[in-house]
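Asks: Please read through the structure below; I'll follow up with questions.
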Amino acid sequence: MPHTKLTKPAMGVFIGGLRTIPHWNHDCDTCVWLQSRDEVDLYYCPDGGPTIIARTGAAPEAYASGMTHAFSNPYLALAYNSAKALGLLTQATINEVEGRWILPKESK
Ligand SMILES: [Zn+2]
């Protein structure tokens, strides 16, 4: 087992087949953990934008983030869709993110 997995909790992380806690330690108390997929922890953070985060490891810098990557990074896409389904995103945020890709915008 790779060393990086040592930070993972070993017990009690599954209830009814569903993961109940993230894989990795995360350094933001404001973040809302959405779910994990393929050992990537997905978060919505109301601060800093708001933004969405895909943490891939225990190192502080081991993450990708940004609403603007919601349709280019598959994990951030999942985070975006989860946050949206949970009602965490404002309509203004949804319009901004989806309008960026669905509606051609003039660059200024
Ligand atoms: Zn956060």
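The values are calculated or read from the model by the stated rules, or taken from the named source; none is laboratory data. A quick note: this is a predicted structure, and the numbers were derived from the prediction, not measured. Here the Cβ positions follow ideal geometry from the backbone for every residue, glycine too, while neighbour counts run over all protein chains shown.
Asks: Has segment 63-74 got any residue that is on the phi > 0 side of the Ramachandran plot and modelled with pLDDT under 90?
Replies: no
Asks: Go through segment 73-96 residue by residue and tally those that are under 22 Å from ARG19 (Cβ atoms) and either within 13 Å of the ligand (Cβ to nearest atom) or in contact (Cβ under 8 Å) with a residue 40 or more places away in the chain (or both).
Replies: Within segment 73-96, residues that are under 22 Å from ARG19 (Cβ atoms) and either within 13 Å of the ligand (Cβ to nearest atom) or in contact (Cβ under 8 Å) with a residue 40 or more places away in the chain (or both) number 6.
Asks: Across segment 19-72, what is the total count of residues that are away from the ligand (no atom under 12 Å from the Cβ), part of a loop (DSSP other than H, G, I, E, B) and not β-branched (Val, Ile, Thr)?
Replies: Of the residues in segment 19-72, 16 are away from the ligand (no atom under 12 Å from the Cβ), part of a loop (DSSP other than H, G, I, E, B) and not β-branched (Val, Ile, Thr).
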